[in-house]
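Participant: Structure provided below as structure tokens; questions to follow.
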Amino acid sequence: MDAALPLLEAFRKDLYHCSDCNYCVDAVWQERGMDHICATITHHAPVLSYSGRGYMAAARALLEGQALNPETLAERAFSCTGCGNCEASCPIGLRPTQVGQALRETLAEQGVLPPGVEALRLRMREAGNAYGAESASRTRWAEGLAFASAATATVNYAPGCAAAHARPAEARAAVALMTLGGERVHFAAATDACCGAPLAEAGLRADAAYAEQALAARNTTTRLVTSGLECLPAWQRGGVVAGSFAQWLIDALADGRLRLTPKASRPPTVQVFDSCASRRPGGAPDPLRDALAALGQAVANPPLEARYAVCCGAAGSLSELHPLSAARMAAARVPADDHLPVVGSDPRCLGHLAAGGQAERYYGLAEFVLAAFDVQGAA
């Protein structure tokens, strides 16, 4: 690798203040809801170099001029999901998640990429999404829906790749609820495209920047709601007043735009799926629990667990390199013998979880509202 490593140099203070306490590796602290912090260590390989501490050590070694096998280092660094759990658990405020991201970006700049990450880059360039779905299928979720024109709209809706391709029912439900709430919803089908978040998480910074800049250049809106939590930061960086659907729902319930009556079939208790989105560097908040509280919905799993919940394997590039490990992460997050309905506000996670089986248990937030409540707009 080249001697100049500016992305790693920016974290020098962190690298030489690590106390090797292993909180970011395998911490178990019941009172704080911590149980084996690193999903990659727990469900892929119990090897230190896959952890936040391992990435800190590798970055330090590179800055000191030590020779590390670039292919082995890349396999380790790109196996991180980037969930931010190691950073959230660090007792002295170090940034191992961001160090791991800098490692991936440095390796990408040096042209050292695992085959799975190269395949992701190719899919994004050819199909415009991480799923490899044909680009024409991106707007299929919206077929038959009536949208307002850009000139008359009160809000623009961007589903995000996961909702558009993996959870189309959630995208349709979000539009239905916003319409009932008095919004004139516009969907810019001709220009809707990926924001580049999958590329950014994989360390492909130049590719991600191109996608994000192209998105900003096509944008003509000032107010937007999205279902993609990973998309939200990109929209906001482009100057858009953007928020998540969960936050829109909270606001609509608070000011009386929606009136909900529980159906007899509404489950008395649900399990919340806490997304990693808020823990990622520059990530988006996930107000799902606040939305369910506003609905008066009982929740089985306590919020103490949310901050340190182990990643489901949907994000980052681990699933590109080790799909079986990513599937084990998903199974561990929602045990098969727990038959409570699972509600989430991150379509990417929900699509990954449902692919492992028991798809009928999983609801996006908008899907759940339509399934569990009779909905009326304000008089």
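The values are calculated or read from the model by the stated rules, or taken from the named source; none is laboratory data. Please read all numbers here as calculations on a predicted model, not as lab measurements. We place every Cβ from the backbone using ideal geometry, glycine too, and count neighbours over all the protein chains shown.
Participant: Residue by residue through segment 55-79, note down the ones that are of a type outside the set (Lys, Arg) and touching a Cys at 6+ places or on another chain (Cβ under 9 Å).
Facilitator: TYR55, MET56, ALA57
Participant: Could you give me the residue pairs with C-beta distances under 6 Å whose first residue belongs to segment 364-379 and is touching a residue at least 60 places away in the same chain (Cβ under 8 Å) and surrounded by fewer than 20 Cβ atoms within 10 Å (Cβ to Cβ), whose second residue is assigned to a strand (DSSP E or B) and β-branched (Val, Ile, Thr) wherever it lies, and which are 6+ apart or on separate chains?
Facilitator: Cβ pairs passing all conditions: ASP374/THR261.
Participant: Take segment 239-256 and flag every residue that is part of a loop (DSSP other than H, G, I, E, B) and surrounded by fewer than 18 Cβ atoms within 10 Å (Cβ to Cβ). Walk me through how you get there before you give the answer.
Facilitator: Start the filter on segment 239-256 by keeping residues that are part of a loop (DSSP other than H, G, I, E, B), which leaves 239-240, 255-256.
If the condition is that a residue be part of a loop (DSSP other than H, G, I, E, B) and surrounded by fewer than 18 Cβ atoms within 10 Å (Cβ to Cβ), then GLY239, ASP255, GLY256 are the ones that fit.
Participant: Would you check if ALA164 is touching a Lys or Arg at 6+ places or on another chain (Cβ under 7 Å) and either assigned by TED's automatic domain parsing to the domain that holds THR81 or of a type in the set (A, V, I, L, M) (or both)?
Facilitator: When the stated conditions are applied, ALA164 passes them.
Participant: Now for a different question. Out of curiosity, is CYS18 over 27 Å from GLY111 (Cα atoms) and in contact with an Asp or Glu (Cβ under 9 Å, 6 or more places away or on another chain)?
Facilitator: no
Participant: Of all residues being in contact with a helix residue (DSSP H, G or I) (Cβ under 8 Å, 6 or more places away or on another chain) and in a helix (DSSP H, G or I) in segment 304-326, which is modelled with the lowest pLDDT? Just the residue, please. Before the answer, list the steps.
Facilitator: The first filter runs over segment 304-326 and keeps only residues in contact with a helix residue (DSSP H, G or I) (Cβ under 8 Å, 6 or more places away or on another chain), leaving 304, 306-321, 325-326.
Those left that are additionally in a helix (DSSP H, G or I): 304, 318-321, 325-326.
On the way: LEU304: 78, LEU318: 93, SER319: 92, GLU320: 92, LEU321: 95, SER325: 96, ALA326: 95.
Among those that are in contact with a helix residue (DSSP H, G or I) (Cβ under 8 Å, 6 or more places away or on another chain) and in a helix (DSSP H, G or I), it is LEU304.
Participant: Next up: Within the set of pairs 6+ apart or on separate chains, which have a first residue in segment 194-223 that is in the same structural domain as ALA151 (by TED's automatic domain parsing), a second that is of a type in the set (Lys, Arg) and modelled with pLDDT under 90, and C-beta atoms under 9 Å apart?
Facilitator: Pairs that qualify, where the first residue is in the same structural domain as ALA151 (by TED's automatic domain parsing) and the partner is of a type in the set (Lys, Arg) and modelled with pLDDT under 90, are GLU201/ARG280; GLU212/ARG237; ALA216/ARG237.
Participant: Now, a different point. Could you say which residue among GLU87, GLU31, GLU105 is under 25 Å from ARG328 (Cα atoms) and among the acidic types (Asp, Glu)?
Facilitator: On the way: GLU31 fails: under 25 Å from ARG328 (Cα atoms); GLU105 fails: under 25 Å from ARG328 (Cα atoms).
After applying the criteria, what remains is GLU87.
Participant: Could we say that ARG259 is of a type in the set (Lys, Arg) and in a strand (DSSP E or B) here? Explain how you work it out, then say what you get.
Facilitator: Details: of a type in the set (Lys, Arg): yes; in a strand (DSSP E or B): yes.
Here the answer is yes, as ARG259 does meet what is asked.
Participant: Is it the case that some residue within segment 32-52 is among the aromatic types (Phe, Trp, Tyr), more than 21 Å from the chain's Cα centre (by Cα) and either crowded, with 22+ Cβ neighbours inside 10 Å or not assigned by TED's automatic domain parsing to the domain that holds PRO303 (or both)?
Facilitator: Scanning segment 32-52, I find no residue that is among the aromatic types (Phe, Trp, Tyr), more than 21 Å from the chain's Cα centre (by Cα) and either crowded, with 22+ Cβ neighbours inside 10 Å or not assigned by TED's automatic domain parsing to the domain that holds PRO303 (or both), so the answer is no.
Participant: If you check SER89, SER149, which single one turns out to be small (Gly, Ala, Ser), in the same structural domain as GLY228 (by TED's automatic domain parsing) and out of contact with any Lys or Arg (no Cβ under 7 Å at 6 or more places or on another chain)?
Facilitator: Testing whether each residue is small (Gly, Ala, Ser), in the same structural domain as GLY228 (by TED's automatic domain parsing) and out of contact with any Lys or Arg (no Cβ under 7 Å at 6 or more places or on another chain) leaves just SER149.
Participant: Go over the candidates ASP337, ASP346 one by one and state the one that is acidic (Asp, Glu) and buried (at least 22 other Cβ atoms within 10 Å of the Cβ).
Facilitator: ASP346 is the lone residue from the list that is acidic (Asp, Glu) and buried (at least 22 other Cβ atoms within 10 Å of the Cβ).
Participant: Which of the residues spanning segment 141-170 are within 17 Å of GLY228 (Cα to Cα) and out of contact with any strand residue (DSSP E or B) (no Cβ under 6 Å at 6 or more places or on another chain)?
Facilitator: TRP141, ALA142, PRO159, CYS161, ALA162, ALA163, ALA164, HIS165, ALA166, PRO168, ALA169, listed by residue number.
Participant: Hey, any hits in segment 275-288 for a residue that's in contact with a Lys or Arg (Cβ under 7 Å, 6 or more places away or on another chain) and at pLDDT below 95?
Facilitator: No, segment 275-288 contains no residue that is in contact with a Lys or Arg (Cβ under 7 Å, 6 or more places away or on another chain) and at pLDDT below 95.
Participant: When you check CYS83 against the structure, is it touching a residue at least 12 places away in the same chain (Cβ under 8 Å), part of a loop (DSSP other than H, G, I, E, B), under 23 Å from PRO302 (Cα atoms) and in contact with a Cys (Cβ under 6 Å, 6 or more places away or on another chain), yes or no?
Facilitator: yes
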